[in-house]
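Below is one structure, written out as structure tokens, with a few remarks after it.
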Amino acid sequence: MTEIHDLFARNRTWSEVVRKTQPDFFTKLSQQQSPRFLWIGCSDSRVPANEIVGMLPGELFVHRNVANVVVHTDLNCLSVLQYAVDVLKVDHVIVCGHYGCGGVQASLERRKLGLIDNWLRHIRDVHHKHAIAVEAVLAPVEKLDTLCELNVIEQALNVCQTTVVQDAWARGQQVQVHSWIYGLKDGLVKDLGLNVGKQEEITPAYGRVLARYRAKA
Ligand code: CO
């Protein structure tokens, strides 16, 4: 079993390996970061943002919380988004959820876990909004997968509707918002189809994506 002090040993090994392969790696990175992508993902330990998309430190700006939720009053998430868009000027904001998400599952099963129930209430709201599509799926695993997907779509929509992204689009800044989902079983990322780069694209893109769920229901 890995003990807490082992983490220092692992860190030294990692630092040595990086220095050997790229001697100027840390010097360069310590001077500035210029990531082109903001990743908003789940805190789940099995979904490490950089590794999944094969990116090195410096290439991905990351915000993670339980079940990759974007709430309009969450100053933490909004500050990350604002800094990424206004200062770093990222080209893409990716909301990436994952199948088998524990947070989504707890919401679906109405499990009582304490304080976090208040956070997960946002996913219960997604469930409520899309009750017909979710309830039409009978198998429990597929029902969970469906709600995981719909949660990503709703959170990506929330990103589009933030003042940060709306203001960026209004001044002509190029920012593309994406909705992705990661499979724990195969390590693959799938595009859920809500890709928006302009205010006027929101409604048609959202309509197209939701039509797929309505067809299934
Ligand atoms: Co999760």
### The lone exception for Asn50 - which of (1) at positive phi; (2) surrounded by 14 or more Cβ atoms within 10 Å (Cβ to Cβ); (3) not hydroxyl-bearing (Ser, Thr, Tyr) it fails
(1)
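So that you can scan it fast, the table gives a plain yes or no per residue for (1) charged (D, E, K, R); (2) modelled with pLDDT of 95 or more:
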{"position": "Cys101", "(1), (2)": "no, yes"}
{"position": "Val104", "(1), (2)": "no, yes"}
{"position": "Arg111", "(1), (2)": "yes, no"}
{"position": "Asp117", "(1), (2)": "yes, yes"}
{"position": "Leu120", "(1), (2)": "no, yes"}
{"position": "Arg124", "(1), (2)": "yes, yes"}
{"position": "His128", "(1), (2)": "no, yes"}
{"position": "Val137", "(1), (2)": "no, no"}
{"position": "Thr146", "(1), (2)": "no, yes"}
### Message
Tell me whether the range 160-172 contains one or more residues that are within 21 Å of Val71 (Cβ to Cβ) and among the basic types (Lys, Arg).
### Response
no
### Message
What are the pairs with Cβ atoms under 8 angstrom where one residue, in the range 190-217, is hydroxyl-bearing (Ser, Thr, Tyr) and the other, located anywhere, is outside any helix (DSSP H, G or I)? Sequence gap at least six, or different chains.
### Response
Tyr206/Leu194; Tyr213/His130
### Task
Output the qualifying pairs, or none if there are none: Cβ atoms under 6 angstrom, residues six or more apart or on different chains, first residue in the range 13-28 and among the aromatic types (Phe, Trp, Tyr), second residue part of a helix (DSSP H, G or I) and surrounded by 10 or more Cβ atoms within 10 Å (Cβ to Cβ).
Phe25/Val18
#### Entry: helices (runs of 4 or more DSSP H) contained entirely in the range 58-132, each with at least 3 residues that are free of Cβ contacts under 8 Å to residues at least 12 places away in the same chain
116-129
### Task
Inspect all residues belonging to the range 38-54 and state whether any of them is in a loop (DSSP other than H, G, I, E, B), away from the ligand (no atom under 16 Å from the Cβ) and more than 20 Å from the chain's Cα centre (by Cα).
no
### Query
Pick from the range 159-189 the residues that are out of contact with any helix residue (DSSP H, G or I) (no Cβ under 9 Å at 6 or more places or on another chain), charged (D, E, K, R) and without any contact (Cβ under 8 Å) to a residue 24 or more places away in the chain: which of them is surrounded by the fewest Cβ atoms within 10 Å (Cβ to Cβ)?
Arg171
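Give the range 84-120 a look and list any residue that's within 16 Å of the ligand (Cβ to nearest atom), farther than 22 Å from Asp191 by Cα and of a type outside the set (A, V, I, L, M, F, W, C), or say none.
Once the filter is applied, which keeps residues that are within 16 Å of the ligand (Cβ to nearest atom), farther than 22 Å from Asp191 by Cα and of a type outside the set (A, V, I, L, M, F, W, C), the range 84-120 yields Ser107, Glu109, Arg111, Asp117.
The values are calculated or read from the model by the stated rules, or taken from the named source; none is laboratory data. Nothing here was measured: the structure is a model prediction, and the numbers come from that model. Methodologically, a virtual Cβ is constructed for each residue, glycine included, from the backbone with ideal geometry; neighbour enumeration extends over all protein chains shown.
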